1. For residues that are free of Cβ contacts under 8 Å to residues at least 12 places away in the same chain and not basic (Lys, Arg), scanning just region 79-93, find the one that is surrounded by the fewest Cβ atoms within 10 Å (Cβ to Cβ).
2. Evaluate the following for Pro14: is it over 20 Å from Arg84 (Cα atoms), without any contact (Cβ under 8 Å) to a residue 24 or more places away in the chain and over 10 Å from the mean Cα position of the chain (by Cα)?
3. Has region 28-43 got any residue that is surrounded by fewer than 13 Cβ atoms within 10 Å (Cβ to Cβ) and either of a type in the set (Phe, Trp, Tyr) or closer than 21 Å to Glu114 by Cα (or both)?
4. Hey, among the residues in region 2-27 that are surrounded by fewer than 18 Cβ atoms within 10 Å (Cβ to Cβ) and of a type in the set (Asp, Glu), which one's farthest from Asp118 (Cα to Cα)?
5. If a residue must be surrounded by 11 or more Cβ atoms within 10 Å (Cβ to Cβ) and either within 13 Å of the chain's Cα centre (by Cα) or of a type in the set (Asp, Glu) (or both), how many such residues does region 94-110 contain?
6. Considering every residue within region 61-78, establish whether at least one is surrounded by 14 or more Cβ atoms within 10 Å (Cβ to Cβ) and in contact with an Asp or Glu (Cβ under 6 Å, 6 or more places away or on another chain).
7. When Met79 is evaluated against the numbered criteria (1) within 19 Å of Tyr7 (Cβ to Cβ); (2) within 14 Å of the chain's Cα centre (by Cα), which criterion, by number, is the only one it fails?
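Here, each number is a calculation from the coordinates, and none is a lab measurement. Bear in mind the structure is a predicted one, so any value in this text is a computation, not a measurement. Positions of Cβ are generated from backbone atoms using ideal geometry, with glycine treated the same way; all protein chains shown enter the neighbour counts.
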Amino acid sequence: MKVPYEYAIIQAVPRIERGELINVGVLLYCQRHDFLSARTHLDEARLRALDPAADVPAIRTALDSWERTCSGGGAAEQMRLGERFRWLVAPRSTVLRAGPVHMGLAEDPAAELERLSDLLVR
């Protein structure tokens with residue numbers, strides 16, 4: 001049986017003043033299955049095409065923190081899954097941000113996250 005889920009694309013915006021971005025991950029939340037996870041993939045060549053001086057190690061570290069937040073690491077330890085998702089998709093002016101939240105239906109949220117990662121990021 002398909003159930004609703006929410007997802008957002010994680011975007012890298014290395015030079016905020018220019019507004020150029022690349023997709024670097026997908027964040028997916030499914031309340032019915034108590035599922036929250038992120039899949040990230042940083043294409044360094046694409047990033048450097050937007051900003052040759054981009055701090056790639058710092059961006060990779062920040063991407064890892066998105067995945068840790070999903071699993072309850074750090075400050076998110078006491079948050080419920082829905083709270084973590086809302087925290088991650090909140091608007092921000094940083095090198096990494098979440099795009100708009102979209103909805104979908106899927107039987108298996110983990111498989112859907114992989115499908116969306118392949119389609120939208122890799």
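1. Pro91
2. no
3. The answer is yes, given that some residue of region 28-43 is surrounded by fewer than 13 Cβ atoms within 10 Å (Cβ to Cβ) and either of a type in the set (Phe, Trp, Tyr) or closer than 21 Å to Glu114 by Cα (or both).
4. Step by step, filter region 2-27, then rank; the result is Glu17.
5. Number of matching residues: 8.
6. There is no residue in region 61-78 that is surrounded by 14 or more Cβ atoms within 10 Å (Cβ to Cβ) and in contact with an Asp or Glu (Cβ under 6 Å, 6 or more places away or on another chain).
7. (2)
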